[in-house]
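Please treat every number below as a calculation from the coordinates, not as lab data. In this text the structure is predicted, and so the values were computed from the model without any measurement. Counting neighbours? That spans all protein chains shown, and the Cβs are built from the backbone with ideal geometry, glycine included.
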Amino acid sequence: MSFESFSDFLAMGKHGLYVWSAYGICFTVLAINVLAPVFARRRYLQQEARRLRRESIT
Amino acid sequence: MNTSAKAKGGMSWAWFHKLGSPKWFYGISGRLLPWLSIAAALLIGIGVVWGLAFAPPDYQQGNSFRIIYIHVPAAMLAQSCYVMMAVCGVVGLVWKMKMADVALQCAAPIGAWMTALGLVTGAIWGKPTWGSWWVWDARLTSMLILLFLYFGLIALGNAITNRDSAAKACAVLAIVGVINIPIIKYSVEWWSTLHQGATFSLTEKPAMPAEMWLPLLFTVLGFYCFFGAVLLMRMRLDVLKREARAGWVKEAVAKHLGHTASPRHGAER
C-alpha cells in the first residue's frame with residue numbers, strides 16, 4: 001500500500017479531484033459501452049416477441 | 001498428389017470462409033463472450049486497484065500520474081480499433097466478406113468512446129502536470145482528428161440506407177483515415193510537444209520500475225479484452241438483425257425468447 005491511511009488514499013496528495021474524476025468518467029464510459037448493447041439486444045428480442053405473437057394470432 | 005494438394009489448400013482456407021459465415025460467428029462468439037468478459041473484469045479490476053493503491057507515486061508528478069492506468073489503455077485501444085477497422089475495410093472490399101462489414105460498423109462507436117476517453121483523461125491529467133487542460137499540440141490534435149474520423153464513420157454508416165453502399169463507403173473512409181495512425185504515433189517525435197513519449201516517463205529517467213508498469217500491463221490487456229467483449233455483443237445483435245430471415249436466426253431468437261417471453265405467452269392463452 002502506498003498510502004498511510006484511507007483519507008490519504010482519497011486525497012491522492014493534492015490531486016484527488018483529478019484522479020477520481022478521471023476514474024469516474026472512465027468507469028461511466030465503460031458501463032455505457034456494456035449497457036448499450038445489452039439494452040439494444042433486449043429491445044430487439046422484445047420487438048421480435050411482439051411480432052411473432054402478432055403473426056401467430058393472424 | 002494433385003488432389004491431396006488441392007485438399008490441403010481447401011483446408012487452409014476453410015477457416016477464412018468460416019470466419020465469413022454469420023452462423024459460425026454467432027456460435028463461436030457466444031462461447032467466447034463469457035471468457036472475454038471475465039478476463040476483462042479481472043484484468044481491469046486488478047490493474048486499477050494495483051495502480052491506484054499500491055503503485056508508488058511518481059517522484060515528479062505525485063499521484064496524478066495514476067491516471068496513466070486508464071489514459072494509456074484508452075488511447076492505445078482507440079488507435080488499435082481504427083487499424084482493425086481499416087483491415088476489416090480491406091477484407092470487406094476485396095473478399096466481400098459480410099462479417100468484416102459488420103465488425104467495421106460495430107467497432108466505430110466503441111472506438112469513438114475510447115478516443116473521447118483518452119482525450120478527456122488526458123485533459124484531466126494535463127491540468128496538474130502542464131498547467132493546461134488543452135494545448136494545440138501535435139499528439140492532441142491528431143487524436144482529436146481521430147475522434148472526428150470515428151464520428152464521420154458513424155455518420156456515414158447511418159446516412160446510407162443501402163447496406164452494400166454503406167459498407168463500401170465506410171471501408172474506403174476507414175482505409176484512407178488510417179494515415180492518421182502513424183501521425184499520432186510519431187507526433188511526439190516529429191514535432192516539439194508537451195506530450196511525453198512512449199517511454200511512460202516525463203523525464204529522461206530510465207524505464208519506470210516494475211511495480212509501476214505491471215499494473216499498466218494489466219489494464220491495457222483488460223481494455224483489449226473489454227473491447228473484444230463489447231464488440232462481439234454489438235456484432236451478435238447486428239447479425240441477428242441482418243440475417244433475420246435465415247432459419248438458424250429464427251431458431252436462435254426463438255430459443256432466446258423461450259427463456260423470457262413464452263411463459264407469458266402461454267399464460268395468456
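Whole angstrom only: what separates the Cα centroid of segment B:43-66 from the Cα centroid of segment B:125-190?
28 Å
Counting only helical runs of four or more DSSP H residues, what would the 222 nm mean residue ellipticity of chain A come to if each run contributes -39,500 (n - 2.57) and the total is spread over all its residues? Show your work: numbers first, answer last.
On the way: 2 runs with 48 residues, N = 58.
Taking each H run of at least 4 residues, the total per residue is -29000 deg cm²/dmol.
Under the definition of partner shielding as Cβ atoms of other protein chains within 10 Å of a residue Cβ, what is the mean value for peptide B:58-68?
Working: counts 1, 0, 0, 2, 5, 12, 9, 2, 9, 7, 1.
So the per-residue partner count for this stretch is 4.
In what sequence do B:Leu217, B:Leu153 fall when counting other Cβ within 10 Å, fewest first?
Lowest to highest Cβ neighbour count: B:Leu217, B:Leu153.
Taking each pair of distinct Cα atoms in segment A:4-54 once, what is the resulting Kirkwood hydrodynamic radius in Å? Write down the numbers at each step before the final one.
Details: mean 1/r = 0.0712 Å⁻¹.
Averaging 1/r across every pair of different Cα atoms and inverting gives 14.0 Å.
Provide the descending list of Cα extents for the protein assembly as shown along its principal axes, expressed in whole angstroms.
Cα spread of the protein assembly as shown along its principal axes, largest to smallest: 70, 57, 45 Å.
Using the crude model of +1 on Lys and Arg Cβ and -1 on Asp and Glu Cβ, and no other charge, please compute the dipole size for segment A:4-54 relative to its Cα centre, in debye to 20. Mind dumping the intermediate values first?
Working: 8 positive and 3 negative charges, 180 e Å.
My answer is approximately 860 debye.
Considering only Cα-Cα distances, which of the following residue pairs are longer than 20 Å: B:Lys96/B:Lys168; B:Lys96/B:Lys250; B:Lys23/B:Lys96? Before the final figure, lay out each step's value.
Details: B:Lys96/B:Lys168 10 Å; B:Lys96/B:Lys250 25 Å; B:Lys23/B:Lys96 17 Å.
As for pairs spanning more than 20 Å Cα to Cα, those are B:Lys96/B:Lys250.
If the only charges are +1 at each Lys and Arg Cβ and -1 at each Asp and Glu Cβ, what is the size of the charge dipole of chain B around the Cα centre, to the nearest 20 debye?
With only Lys, Arg, Asp and Glu charged at Cβ, the dipole is about 1260 debye.
Setting aside same-chain residues fewer than 8 positions from B:Lys98, which aspartates and glutamates have a Cα under 18 Å from its Cα?
Cross-link targets: B:Asp164, B:Asp238, B:Glu243.
Extending each Cα 7 Å along its Cβ direction at B:Phe54 and A:Arg42, get the distance between those two points in nm, one decimal.
Roughly 3.5 nm, to one decimal.
Restricting attention to segment B:100-150, which chymotrypsin sites (Phe, Trp or Tyr not before Pro) occupy a DSSP loop and are surrounded by at most 14 other Cβ atoms within 10 Å? Provide the component values of the computation, followed by the final result.
On the way: sites: B:Trp113, B:Trp125, B:Trp130, B:Trp133, B:Trp134, B:Trp136, B:Phe148, B:Tyr150; in loops: B:Trp133, B:Trp134, B:Trp136.
Sparse-neighbourhood loop chymotrypsin sites (Phe, Trp or Tyr not before Pro): B:Trp133, B:Trp134, B:Trp136.
Set the Förster distance to 30 Å, then compute FRET efficiency between B:Asn158 and B:Ser192 from the Cβ-Cβ distance, nearest 0.05. Each step should come with its number before you reach the end.
Details: r = 39 Å, r/R0 = 1.30.
Rounded to the nearest 0.05, the efficiency is 0.15.
So if R0 is 41 Å, what FRET efficiency would B:Ile46 and A:Ile57 give, r being the distance between their Cβ atoms, rounded to the nearest 0.05? Intermediate values should be presented prior to the final figure.
On the way: r = 52 Å, r/R0 = 1.28.
So, using R0 = 41 Å, E works out to roughly 0.20.
Specify the angular offset, from 0 to 90 degrees and rounded to the nearest 10, of the alpha carbon long axis of helix A:16-57 from the longest principal axis of the alpha carbons in chain A.
10 degrees
By how many degrees, between 0 and 90 and to the nearest 10, does the Cα long axis of helix B:163-177 differ from the longest principal axis of chain B?
For helix B:163-177, the angle is close to 20 degrees.
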